[in-house]
Each structure stands twice: as C-alpha cells, then as structure tokens.
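Take a look at the structure below.
The values are calculated or read from the model by the stated rules, or taken from the named source; none is laboratory data. These numbers come from a predicted model, not from an experiment. No Cβ is skipped: glycine too gets one built from the backbone with ideal geometry, and neighbour counts run over all protein chains shown.
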Amino acid sequence: MTAEAFHLPRSIAEALDLLREHGDDVVVMTGGTLVMSAINGGQLFPRRLMSLKRAGIDQLRAENGRFEIGAAVTASRLASETDLPLLTQAAAGLGGPALRNQATIGGNLFAHAPYGDLGVALMALDAEVELTRKEGARTVPLADFFANGAAARRPDELVTALRVPRPSGETAWVRLGRRQAATAPVATAAVVIERDADGRCTAARIALGAAGPAPMRAREAEAALVGQPLDESTIEAAAQAAAIGCEPPTDALASSWYRQQMIPVVVRRALSQIAAAAPAGR
Amino acid sequence: MSAITVSFTLNGRATTLTVSPATTLLTALREHAQLTATKAGCSQGGCGSCTVLVNGEPTLACLTPLAHVEGQEVTTLEGITPVGGLHPLQKAFYDRFAAQCGYCTPGMIMAAKALLDRNPHPTREEIAAALSGNLCRCTGYLPILDAVEDVARQNGGGER
C-alpha cells in the first residue's frame, strides 16, 4: 500500500485540524529520519503522512535562563545555537552531519531505543514538553511523558515545544558506542549534580539511554548520591544502583546483557568526570 | 492513484516532478529525474551514500520526502561536475585512488563539498568529522581524507 497523501501544513492550527480529521490514518513526522527509514525498511505503511517541517515550530528562544525550543529545531541547530550542557553534547553526537541537519528535538522523543539521546539529555536537564491540541496547550515533565509511554500523548495532540531550564549544578555526558560517530549508543548517561560547600551532593539527576524502551531516570542511583561526598565508594554504589530496573534492548550492535553491564560503566565515568573537576563555587 | 507535484531547483534548473506522496528525494532523483550519481545504500540514514545538498547543507536523500524540497535548491554530484571535466574533489579522489568500488564516492564528495564551501581550510580532524556520517568499506578512509586535504590546500590553505 502506498500513502494517499502527504500533508505539509503551514501552521500548527492547520496541522491539528488535519490530525483531528484523519486521526489514526495520519503518521506524523518532522525531519523524516525515523518515519522515512521505517517506510524504507518496510515496517510502516501509512495511509497519510503529515510533516511538521513547515508548521512554524522551529523557533529557539532563551529567556530568564530557560530555553524554549520549538519541536522542529534540528540537532544541528541545537549544537550550534544553544549553549546548554548535555543537550549540545547529545545533539553533536547524533548520527553524522547530514542526519543532524534533519533530525529534530521533537521527533527524537519518539525514537525507539537504543536511539533517542536528545531525550536523555533533556530528562537530566529536567525539561518539560509542550503538548498542543485545538483547545489549547499543556506542559508535562519529560520524565512523566516518557514514563507514560503511548498514553503520554492524546491522539489529538502534537508535541510543539520543549522548555529547558539551565542546570544549576555540574554536568557530565558519557555516551558509549561501538565507534565514535554515526552509531547507536550501547549506553548513555547524562548527569547533573549539585554539591554544597563541603562537597556533599545535595541534588542529583541521572538519565539513562539505551537502558529501556525510552530514556529513564536512575532514581536508585540518584538516592545513593544525595547527602554523600562524591568519593570512590559513593560513585561505585551509584553506578551499581543505576543498573537496577533497566531492560536494555538487543540490536546488531549490542545485546541486552552487554548493555546491562555497560550501564554502571557510563554512570561511573560520568560521576568520576564531575568528581575530578573542581567543585563549583570553590 | 494519488500523486503530489513538487517544484524545486535541481542543479540550477527549475524542476517539477509528479510522484506518489511518500516518494523520497533519492527515488525522485534516480527514477524520475534519471540522475543516478546519488546512490541508495542502507536507506536508513546510516551510510551517507545518498548525501546531496539542500540549500548547500548536506542532507540524506533517502530520508527526505520529496515534498520537503518544494521551493528549495537541491544539488547532486551531477550538478557540480563540469561538462567534459572533473570537479577538483573528483580529480583529487582520482589522483589519490580514494575510490575502489566507488559506491560511497558521490556521498563523500557532496559531504566534503559542503564542508569546503563553509570552511575552505579545514584541519584533518574537521574533514574526518564532516565525513563521519559516510561509510566506506574499501579504502580505509585515509586516501579519502588525503584527497579532501589536497583540495583544501589548493584552496590556499595552510601547510597542513
């Protein structure tokens, strides 16, 4: 079956009308890197395609220390036009230069594991996602969006923007791949740590990629850090705790078992990077 | 049969193609415009052999719906090859034996051209980064890096 129509709405209002009119018949894309590869691979046979590429959601604004990033902003632009740690690192490591010109921040939230590094960075940054339907927009924490799976988005809603606060603590991004560029991750860790004057962790956010069906927070590892100095034994305890509850995918690059072994490795490396840097404010 | 009509600039010429709605730029180029320099490799965005320029930026034709290039400027290897001659990158690839089977070459050259247009004097590391989305299974990459470096040097670059 070949698709009957390709819709290229010029506004979100038009896109929402099309979504309401055609419902499940329409497959939504922006850059096309996920949807077109699934079509090419014979895994997806949409009746209708709708691209948000020209729907006017590609603005990128910084205000009051927060970034408001339209869902159609590409990875190339994230890497060159924002200075948010973790997110720029994730964007710069996505595929190759041509893919980064196409892949978008909104689309990447729908990547199947082990892909989806932008979501990992965004989750560690405590980002919120804006979902828009005809009646208006709502904002949900990205952690809830991922935790709720397919139920996170109502059928008549579109992801239109991400809101990302600038992190107040120290950050580390560690992505383990089978090669350095243009490859899916074996395991990814994005870490934000806040420490007090004595060097004890007062807050920790650790997000993992390729560790389950969607990016996830390593809550047990975070709990192992809070109140502790960032020394070797704390780091080891957090690294081991990070693997709890993970169900990594198997693909041609790595088995689920291997990914499971690598989760403590990327978390340990990320925490060690932060520990090795001078504590903030001293 | 439903169809869409897309008008764009292809290698400097106004072009209009009528295709089925989900047709990729890659299929449109090869099967509708009869421009077969652009190669179909993995069709998953993993190999870079379909790399073309859209408004001067390297783009994977296999993942680009033709509908996305409405009103845009598309450049393929055919578009940079002078009649009866070779583009400096093509000449350098030839001189350096940077192609064996040649399947990756059009994508490599277009990715390299995008880099040199933006940065005429790249370092070897910058060249490697610009070509990091393009796989070659024959050459081991070193002759390709050498070829692009040669052209960067002809551009009046430094000693590198």
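Below is a table of values for the structure above.
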{"read-out": "Matching residues, the range B:1-35, being over 20 Å from the mean Cα position of the chain (by Cα) and crowded, with 19+ Cβ neighbours inside 10 Å", "value": "B:4, B:6, B:17, B:19, B:21, B:22"}
{"read-out": "Some residue of the range A:70-80 being among the hydrophobic types (A, V, I, L, M, F, W, C), farther than 15 Å from residue A:8 by Cα and without any contact (Cβ under 8 Å) to a residue 12 or more places away in the chain", "value": "no"}
{"read-out": "Search result, residues across the range A:220-243 that are among the aliphatic types (A, V, I, L, M) and within 20 Å of the chain's Cα centre (by Cα)", "value": "A:221, A:242, A:243"}
{"read-out": "Flag if residue B:6 is over 19 Å from residue A:6 (Cβ atoms) and in a strand (DSSP E or B)", "value": "no"}
{"read-out": "Test: residue in the range A:59-67 that is at pLDDT below 95, of a type in the set (Asp, Glu) and either over 16 Å from the mean Cα position of the chain (by Cα) or buried (at least 19 other Cβ atoms within 10 Å of the Cβ) (or both)", "value": "yes"}
{"read-out": "Failed item in (1) over 14 Å from residue A:159 (Cβ atoms); (2) under 17 Å from the mean Cα position of the chain (by Cα); (3) modelled with pLDDT of 95 or more, with residue A:82 passing the rest", "value": "(3)"}
{"read-out": "Qualifying helices (runs of 4 or more DSSP H) (wholly inside the range A:1-83; at least 3 residues being within 10 Å of chain B (Cβ to nearest Cβ))", "value": "A:35-40"}
{"read-out": "Filtered residues of the range A:84-94 (kept if part of a loop (DSSP other than H, G, I, E, B), in contact with a strand residue (DSSP E or B) (Cβ under 9 Å, 6 or more places away or on another chain) and either surrounded by 24 or more Cβ atoms within 10 Å (Cβ to Cβ) or within 12 Å of chain B (Cβ to nearest Cβ) (or both))", "value": "A:86, A:93"}
{"read-out": "Answer residue from the range B:77-108, given it is aliphatic (A, V, I, L, M) and away from chain A (no Cβ under 14 Å) and is surrounded by the most Cβ atoms within 10 Å (Cβ to Cβ) among those", "value": "B:98"}
{"read-out": "Test for residue A:100: is it crowded, with 16+ Cβ neighbours inside 10 Å and either of a type in the set (D, E, K, R) or touching a residue at least 40 places away in the same chain (Cβ under 8 Å) (or both)", "value": "yes"}
{"read-out": "Any hit, the range A:128-137, residues being small (Gly, Ala, Ser) and assigned to a helix (DSSP H, G or I)", "value": "no"}
{"read-out": "Residue among B:136, B:101 that is outside the structural domain of residue B:17 (by TED's automatic domain parsing) and out of contact with any helix residue (DSSP H, G or I) (no Cβ under 9 Å at 6 or more places or on another chain)", "value": "B:101"}
{"read-out": "Near pairs, Cβ below 8 angstrom, 6+ apart or cross-chain, from the range A:19-43 (on the phi > 0 side of the Ramachandran plot) to any residue that is among the small types (Gly, Ala, Ser) and surrounded by fewer than 22 Cβ atoms within 10 Å (Cβ to Cβ)", "value": "none"}
{"read-out": "Any hit, the range A:29-36, residues being within 28 Å of residue A:165 (Cα to Cα), at pLDDT 95 or above and surrounded by fewer than 20 Cβ atoms within 10 Å (Cβ to Cβ)", "value": "no"}
{"read-out": "Which numbered condition residue B:124 misses (of (1) within 21 Å of residue A:93 (Cα to Cα); (2) within 12 Å of chain A (Cβ to nearest Cβ))", "value": "(2)"}
{"read-out": "Residue A:260, sole failed condition from (1) polar (S, T, N, Q); (2) farther than 20 Å from residue A:85 by Cβ; (3) in a loop (DSSP other than H, G, I, E, B)", "value": "(3)"}
{"read-out": "Enumeration of residues in the range B:19-66 that are assigned to a loop (DSSP other than H, G, I, E, B) and without any contact (Cβ under 8 Å) to a residue 12 or more places away in the chain", "value": "B:34, B:36"}
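Listed here are the residues, each with its yes/no results for (1) closer than 21 Å to residue A:115 by Cβ; (2) touching a residue at least 12 places away in the same chain (Cβ under 8 Å).
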{"site": "A:158", "(1), (2)": "yes, yes"}
{"site": "A:164", "(1), (2)": "yes, yes"}
{"site": "A:192", "(1), (2)": "no, yes"}
{"site": "A:196", "(1), (2)": "no, no"}
{"site": "A:199", "(1), (2)": "no, yes"}
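Quick grid of which residues meet (1) closer than 22 Å to residue B:132 by Cα; (2) within 7 Å of chain A (Cβ to nearest Cβ); (3) buried (at least 20 other Cβ atoms within 10 Å of the Cβ):
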{"residue": "B:37", "(1), (2), (3)": "yes, no, no"}
{"residue": "B:47", "(1), (2), (3)": "yes, no, yes"}
{"residue": "B:54", "(1), (2), (3)": "yes, no, yes"}
{"residue": "B:60", "(1), (2), (3)": "yes, yes, yes"}
{"residue": "B:75", "(1), (2), (3)": "yes, no, yes"}
